[in-house]
Structure formats: C-alpha cells, structure tokens
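Novice: Shown below is the structure under consideration.
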Amino acid sequence: MTADVPDTRRMWIPQSNPAVYKALVALQRASAEGVTQRLAELIRIRVSQINGCGYCLHMHLSDARSAELEPQAVGMVALWADAPHLFSDRERAALDLAEHVTRLGDSGVPDRVFDRAAALFDDVELGQVMATIVMINAWNRIAISGRYPAGLDERRLR
C-alpha cells in the first residue's frame, strides 16, 4: 500500500487465492484480444461507474490517460447517449450493451440492444465485447466485496 491510500481491504485475491487471480488475469487478457484499447477502457470505466467501484474506476481512468484517450470522451462516458459526437456507432452500441448486461435485473438484455450490437460487430468481436463487459463486472464485484480502496493498483504492487 502507498502512504496516501488507506488500507481498507478485507480480502486480497492476488495474495489469498493466487490461482484464481491468475485465471482471472488470463481471462482478462483473452477478453481484450481484438477489442481496441479505447473501447475496452470506455466499457471498463462505464461499468465501474455503474457498479460504484472506485478501485476499478481509478485504475481504468489512469489507463485511459496513459493510452491518451480524449479527455472529453472519458469525461462524458457516463452520459455517452447525450454526446453521440464523441462516440462511434460501435462504441455507443457496446456501451448500451454494457449498461444492460451490468444491470441485468429481471428483464435481461432487450433484443433491440443486443441486435444493434450484433449488427455492428461480427460474432467474434461481439463475443470479445461481451467478455470485456463480463470481466470488468467480475473485477468490480471482487474489488467492492473485498473493499479495495480507490487509488490502489495491484498491478504495481508486484
């Protein structure tokens, strides 16, 4: 931990269960293949916002800065539907899908949302987008349940 980030963790999967952590990292890498870094980070940021995961949000905002994503797009990703000029059709379809997959509830993903994404991504790409959405949701749930603090980045602790 760094001095400026209080340690609020009640679980730390990289240490307590390294086999699961390594498997999750491998799945994370596989899910990112074929997805642009911009799209992946936009999805990760938006899903982390929805889930209220400060740990993952901090990490992916940092990654977006490192990848030199446009600050306007990063800043407006929470309201992507109100700023269509900042996002491509594919990005808007992926973000819409991400919001619905993240908030499944009783109604699941509406056909119109899935069909729009399927029309803009081929089967492999759609699977990669879906895997990216699922992986950040998995990481969010681990970080929130384990009380990982915003500002900590386990990738830099090794």
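Novice: What is the residue count in the range 79-99 for residues that are open to solvent by 70 Å² or more (accessible area, probe 1.4 Å), closer than 13 Å to Ile43 by Cα and not basic (Lys, Arg)? Even if it seems obvious, please write down each step before you answer.
Specialist: First, pick out the residues of the range 79-99 that are open to solvent by 70 Å² or more (accessible area, probe 1.4 Å): 79, 82, 85, 89-90.
Subsequent filtering for residues that are closer than 13 Å to Ile43 by Cα retains 79, 90.
Next cut, not basic (Lys, Arg) only: 79.
The total comes to 1.
Novice: To continue, here is another question. Only one of Val113, Val109 is assigned to a helix (DSSP H, G or I) and among the β-branched types (Val, Ile, Thr); which?
Specialist: Val113
Novice: Next question, about the same structure. Mind checking which residues of the range 1-16 are loosely packed, with under 15 Cβ neighbours inside 10 Å, at pLDDT 75 or above and in a loop (DSSP other than H, G, I, E, B)?
Specialist: Residues satisfying the conditions are Asp7, Thr8, Arg10, Met11.
Novice: Another one. Looking at Leu104, Leu97 in this structure, which one is hydrophobic (A, V, I, L, M, F, W, C) and modelled with pLDDT under 95?
Specialist: Criteria check complete, one pass: Leu104.
Novice: If only one of Ile50, Ile43 is surrounded by fewer than 19 Cβ atoms within 10 Å (Cβ to Cβ) and in contact (Cβ under 8 Å) with a residue 24 or more places away in the chain, which one is it?
Specialist: On the way: Ile43 fails: surrounded by fewer than 19 Cβ atoms within 10 Å (Cβ to Cβ).
Only one candidate qualifies: Ile50.
Novice: So for the range 55-78 (the condition being open to solvent by 20 Å² or more (accessible area, probe 1.4 Å), within 15 Å of the chain's Cα centre (by Cα), farther than 22 Å from Leu152 by Cα and not β-branched (Val, Ile, Thr)), does at least one residue qualify?
Specialist: Yes: one or more hits.
The values are calculated or read from the model by the stated rules, or taken from the named source; none is laboratory data. All of these numbers come straight from a predicted model, not from anything done at the bench. Methodologically, a virtual Cβ is constructed for each residue, glycine included, from the backbone with ideal geometry; neighbour enumeration extends over all protein chains shown. We work out accessible area using only protein heavy atoms, side chains counted, and drop any ligands, DNA or RNA first. Shrake-Rupley method; radii C 1.70, N 1.55, O 1.52, S 1.80 Å.
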